[in-house]
Amino acid sequence: MRLRWILGTLGFLLAIGWAQFNPGPVGYYDQCRTLYQEQVLDGARAACELSLVADPKYVPALKLLLRIHLDQGDLEAAADLLERLGQLAPDDLTTRTLEARYLLARGRPAEALARVAHTPGPEAVWIKGRALEQLGRFNEALEAYREAALLGVDEARFDAVLLLERLGRPRQALEELGEVEDPRLLPLKGRLLWSAGRLPEAAAVLERSLDELPSTDPRYDEALSTLAAVYYGMGDTRRGGLALAQLSGRVNLLGAFLRASWLWLLGLVVFVGLHRYGESRIEPISTLELSADTTWGVGRVYGAVLLVWILAAAVAAATGWYLYHNWLAAFTPVQRDVVRPVFYLSLALGMGVVGWSALNPESEDAPSPLGREENRIEGLWVGLLLLALLLGYVWLGRALPLNAFPFNPLAPLGALTLAAVALAEPMLRLRAFESYRLRYGAGLAPAFTVLLGGLVWFSPVLFWWAAAAVLLAVKNRFAGLWPVIVGWLVLGVLAWLAGFFPWVRALF
């Protein structure tokens, strides 16, 4: 009896020891959950993997490990776990919600919405809001975010704030955000105040964020850059310079500028190189010739374009100060959707004024530079082609590091701006082209014209180059500007109408 009691006691102690060193799937899962709550994702992942080693079919560990992979962006591993969960727990509501998260990460919001459209639970409602936002159904997404926030999902409230900012409603975003105690949210509040035109308040909030955030936090640089823009926008160049100098010690500002404008600068280098090549082909003239020819030269074209560009920039800066008391409103979220179209409208109008005389025929017998009036109907398909270029560029920009469009072309003011670009066509497609043809020949003139057509509008230069090439071919094909001018007008109308389609809104 005593021997049996001793052996039983030893067995019990060995079982306790084994449980300590090998806690089994439940024990490892508890460790995984604890580490996940503390946001130690690598440790949590390791603990969940040990739980699945102990029991490959332990569903709680599979679901938590799937969540960790989604948080870390490891979609391949997440796909494998989803397949296993689909076999073990096909009707589990959490699995459906996580599958919707995976589909969102894969860029398939319609399928994600189908998974959670009727799935209860706070997280499912939040994922539904994200899917609706990606589909361009912004009002429904906002309702879903607010419902999820009421159900206890903190991330949903911040998504609602960001969506309101995206919709150009910073004041409502500030109300949604409410009072902020967490220093990590102060840069967001400062940015919203900046967008709302409350620059002194924005400066105070951002200064507070710099005092409370650790300098290693990525939000510190964001707050510092916003603060510099706020000071400069207020006209306080001294404090703006100090903030910018501090930022330059932490961030490679020159590198950031080159990353944003390298394509435009490359185009400028090619443009200058083309000039050098063109000039090298011109034989020097040793005699002085007097001519009464009033044709514009290349230098005069550049002088006019530069003058108009400077005046348009001045008009935009003055508009920003008049409307928002912000000299840098063209670079401020929300405000730029008003000020940047003003710049482009002023630029198009100025080039229309200086290029107006190019529409006059050289003689009474010469055909009109506009071409035959019956060719105006061709502008319908030209407008459709320009719309395809615009949407294609924006869609491509979601996958490639391309510059975003400088203003929202779907908004009424943005659509009007696209239509107003027609005013610049006589200057770019007639006056400049003829100057290049006379100076460098018919072979080089198209290349010069296309390059200038992108460099003038600055950003996004790839779109403007593509449009310039297409429109120059259309102008040459129909021997006139009517299809080109009508094409821009049609584009403005189509862009405005396209804004009523959710999938198009989601691109911008």
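The values are calculated or read from the model by the stated rules, or taken from the named source; none is laboratory data. Everything numeric here is computed off the predicted structure, so don't read it as measured data. We place every Cβ from the backbone using ideal geometry, glycine too, and count neighbours over all the protein chains shown.
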The residue that is farthest from Val301 (Cα to Cα), considering only those in region 475-489 that are of a type in the set (A, V, I, L, M) and in a loop (DSSP other than H, G, I, E, B), is Ala479
Which condition does Trp482 not pass, out of (1) touching a residue at least 12 places away in the same chain (Cβ under 8 Å); (2) over 20 Å from Pro361 (Cα atoms); (3) aromatic (Phe, Trp, Tyr); (4) in contact with a helix residue (DSSP H, G or I) (Cβ under 7 Å, 6 or more places away or on another chain), if it passes all the others? (2)
Search result, residues across region 161-205 that are in a helix (DSSP H, G or I) and of a type in the set (Val, Ile, Thr): Val161, Val205
Would you confirm, using the coordinates I've provided, whether Ala447 is at pLDDT 95 or above and buried (at least 20 other Cβ atoms within 10 Å of the Cβ)? no
From the list Leu113, Leu62, Leu85, Leu35, pick out the single residue that is free of Cβ contacts under 8 Å to residues at least 40 places away in the same chain and closer than 30 Å to Leu507 by Cα. Leu113
State the number of residues belonging to region 323-370 that are touching a Lys or Arg at 6+ places or on another chain (Cβ under 8 Å) and within 21 Å of Phe478 (Cβ to Cβ). 2
Filter region 113-136 for residues that are among the charged types (D, E, K, R) and modelled with pLDDT of 95 or more; the one that is nearest to Arg166 (Cα to Cα) is Glu133
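Here is a yes/no grid of residues against (1) β-branched (Val, Ile, Thr); (2) surrounded by 18 or more Cβ atoms within 10 Å (Cβ to Cβ):
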| site | (1), (2) |
| --- | --- |
| Val338 | yes, yes |
| Pro341 | no, yes |
| Ala348 | no, yes |
| Gly355 | no, yes |
| Pro369 | no, yes |
| Glu373 | no, no |
| Arg376 | no, yes |
| Ala388 | no, no |
| Leu400 | no, no |
Condition test on Tyr302, is it among the aromatic types (Phe, Trp, Tyr), farther than 30 Å from Tyr220 by Cα, modelled with pLDDT of 90 or more and loosely packed, with under 13 Cβ neighbours inside 10 Å? no
Has region 112-124 got at least one residue that is in contact with a helix residue (DSSP H, G or I) (Cβ under 6 Å, 6 or more places away or on another chain), among the hydroxyl-bearing types (Ser, Thr, Tyr) and assigned to a loop (DSSP other than H, G, I, E, B)? yes
Can you tell me which residue is surrounded by the most Cβ atoms within 10 Å (Cβ to Cβ) among those in region 57-91 that are at pLDDT 85 or above and part of a loop (DSSP other than H, G, I, E, B)? Tyr58
Set Ala223, Ala256, Ala260: member being part of a helix (DSSP H, G or I), within 22 Å of the chain's Cα centre (by Cα) and farther than 28 Å from Gly454 by Cα: Ala223
Selection from region 439-474 of residues in contact with a helix residue (DSSP H, G or I) (Cβ under 6 Å, 6 or more places away or on another chain), among the aromatic types (Phe, Trp, Tyr) and either without any contact (Cβ under 8 Å) to a residue 24 or more places away in the chain or not in a helix (DSSP H, G or I) (or both) yields Trp457, Trp464
Counting only residues that are under 19 Å from Leu323 (Cβ atoms) and of a type in the set (D, E, K, R), which one in region 174-204 is surrounded by the fewest Cβ atoms within 10 Å (Cβ to Cβ)? Glu201
Looking across region 32-56 at residues that are of a type in the set (S, T, N, Q) and outside any loop (DSSP other than H, G, I, E, B), the single one that is nearest to the chain's Cα centre (by Cα) is Gln37
Among the listed residues Arg477, Arg437, Arg431, identify the single one that is closer than 18 Å to Gly350 by Cα and either surrounded by 23 or more Cβ atoms within 10 Å (Cβ to Cβ) or not hydroxyl-bearing (Ser, Thr, Tyr) (or both). Arg431
Quick check on my filter: what residues within region 476-506 are at pLDDT 95 or above, among the small types (Gly, Ala, Ser) and within 16 Å of Glu374 (Cα to Cα)? Gly487
In region 397-412, how many residues are more than 15 Å from Val461 (Cα to Cα) and in a helix (DSSP H, G or I)? 1
Taking the residues in region 35-56 that are of a type in the set (D, E, K, R) and surrounded by 14 or more Cβ atoms within 10 Å (Cβ to Cβ) as candidates, determine which candidate is nearest to Thr97 (Cα to Cα). Arg45
Across region 101-114, what is the number of residues that are basic (Lys, Arg) and closer than 19 Å to Trp503 by Cβ? 2
